[in-house]
Amino acid sequence: MRFFVVCPGGLEVPLAQELAEIAQRPDSKALGTWVIDLTPTSPTGGVGLAGPLSAAMALNLHSRIASRVLLQMAQAPYRQEEDLYKLASGLAWEDWFTSKQTLRVDVTAHRSPLKSLNFATLKIKDAIVDRLRDVTGDRPSIDTAFPDVRVQAHLTATQVTIYLDTSGEALFKRGWRDEKGDAPLKENLAAGILSITGWKSGETLFDPMCGSGTFLIEAAQKTLAIPPGAIRAGMYGDDAKPSRLAYRPLVTSAHGFGFQRLKPFNEVTEQKCWATLKEGSLNEILAQRKQYPSAESLRISGGDINEKLVAMFKGNWQRAQLPEQPVVRQIDALASRPPVNSDSGVMLLNPPYGERLVIKGGRGQDRNAQESYDESDEPENRFELNLETGRQSAKRSSRESLKKLQAQEEQDPKFVEFLRQFGQHLKEAFGGWNIFVLTADMALPGQLRIKESKRTPLFNGPLECRLFKFEMHAKRPVANDSEKE
């Protein structure tokens, strides 16, 4: 089977590395042969691979960087909308789902000659519905909000590829987040950034502006071998219920993954594979908990000036099935210090913008333009989520307004002064550390007055960002008078 594993733009290399690691797991090898495509040299929004059907289960359970796992159903040349109908109507959809299940169809495009994506979507939807009606005598209902089955097509200038989405809800929705309102940094983006930093489990990791703890929770779950899809897979039973106010409520075991609503995955052999994958993961978790029995043993810590965000972080930590309480303090980033017994380590942060930071010297109650956006307005890349008709102008408007807001905030002299002070603080208190900062402010190194050693282009939703790396030189010890003599 052919798959395309979607990821945020710029994370193709760490995703390819992660896919290779998943493929090398003993339980993955037992499923069959995997062949991962060469890593793309430019951002493509994902990585392709060939593998057994059950590979979809392993990918959805274990991939921390993937947004979706798409199963390729067909690929063919096209010239007009009728070609899309012909291709889609010739596929045996009845072998994958029933007419009693609800359906959603999304179409994305890159240099397509077709004038209307909405009409292309309609033709593919009609083809699927007509096929099921002809074969079963009944037609599925359309549900754009909470469908049982998602079909996605991608159009290039000459080719159309049709996929079945095996993920359902996007995979960055882990199920442990309990914020109400706009989404902060996406979990899979945070996981990909962790991979780029080179941080390894057991090494010191610190975030002085941790907010609700996305970076730190992703790192802790990786250290403890907790699969990102554990909650959706039902590995914790009823112990991981999100609150009714949760921003992302559709990621409990009751909803699971998209493949769980597809016929082939409910065959006895595939169900046995699924049970084996979950059992293997549980055994790994038990082994890692013996090695890291407490929150302190993880060497993962953070701080934030906002008391409400610190409390939110603690709640997220517990829902993520992590031990005890996180090592976190309510503290101004300008007063932060390295964790005890940590002469070096990795600092990773996604600093806020704007007046609310200047007023309080730290994060305010609301999320900011850099961390917060309406995920339905802007797909991460050409394969992510939906590109429905009428949204293209809305996306452009959203992007332009974000850029304007960003430009206004970059010019705030008080915020620039805060960054200057923070840069000086890093030099004085964190010598020997590697500092990684995700920001949409391309002028950040100059504002910190620290020369970056590396910059990696990334996208945080609609915002083009950079992950800056700063290598802080350790201070030389001051010689005493006797040594001078």
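The values are calculated or read from the model by the stated rules, or taken from the named source; none is laboratory data. Being a predicted model, the structure only gives us computed values, none of them experimental. Methodologically, a virtual Cβ is constructed for each residue, glycine included, from the backbone with ideal geometry; neighbour enumeration extends over all protein chains shown.
Data table
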{"read-out": "Members of segment 126-172 found to be among the charged types (D, E, K, R), assigned to a loop (DSSP other than H, G, I, E, B) and within 30 Å of the chain's Cα centre (by Cα), listed by number", "value": "Asp143, Asp148, Glu169"}
{"read-out": "Residue ID - surrounded by the most Cβ atoms within 10 Å (Cβ to Cβ), chosen from residues in segment 419-455 that are among the polar types (S, T, N, Q) and under 26 Å from the mean Cα position of the chain (by Cα)", "value": "Thr439"}
{"read-out": "Close pairs from segment 21-36: first modelled with pLDDT of 95 or more and in a loop (DSSP other than H, G, I, E, B), partner surrounded by fewer than 19 Cβ atoms within 10 Å (Cβ to Cβ) and not polar (S, T, N, Q), Cβ under 6 Å, at least 6 apart", "value": "Leu31/Pro52; Gly32/Pro52"}
{"read-out": "Every pair of residues 6+ apart whose Cβ atoms lie under 7 Å, when the first sits in segment 303-314 and is crowded, with 21+ Cβ neighbours inside 10 Å while the second is of a type in the set (Val, Ile, Thr)", "value": "Gly303/Val328; Gly303/Ile331; Asp304/Val310; Ile305/Ile331; Val310/Val328; Phe313/Val328"}
{"read-out": "Looking only at segment 76-95, and only at residues there that are of a type in the set (Phe, Trp, Tyr) and assigned to a helix (DSSP H, G or I), the one that is surrounded by the most Cβ atoms within 10 Å (Cβ to Cβ)", "value": "Trp93"}
{"read-out": "Complete set of residues in segment 50-75 that are assigned to a strand (DSSP E or B), farther than 25 Å from Glu218 by Cα and of a type in the set (A, V, I, L, M, F, W, C)", "value": "Ala50, Leu71, Met73, Ala74"}
{"read-out": "Inter-residue pairs, beta-carbon under 8 Å, first over 15 Å from Leu71 (Cβ atoms) and crowded, with 18+ Cβ neighbours inside 10 Å and in segment 256-269, second modelled with pLDDT under 95 and among the charged types (D, E, K, R), 6+ apart", "value": "Gly256/Arg232"}
{"read-out": "Lys241 being of a type in the set (Lys, Arg) and either at pLDDT 95 or above or surrounded by 20 or more Cβ atoms within 10 Å (Cβ to Cβ) (or both)", "value": "no"}
{"read-out": "Enumeration of residues in segment 120-150 that are closer than 16 Å to Leu262 by Cβ, touching a residue at least 60 places away in the same chain (Cβ under 8 Å) and surrounded by 21 or more Cβ atoms within 10 Å (Cβ to Cβ)", "value": "Val149, Arg150"}
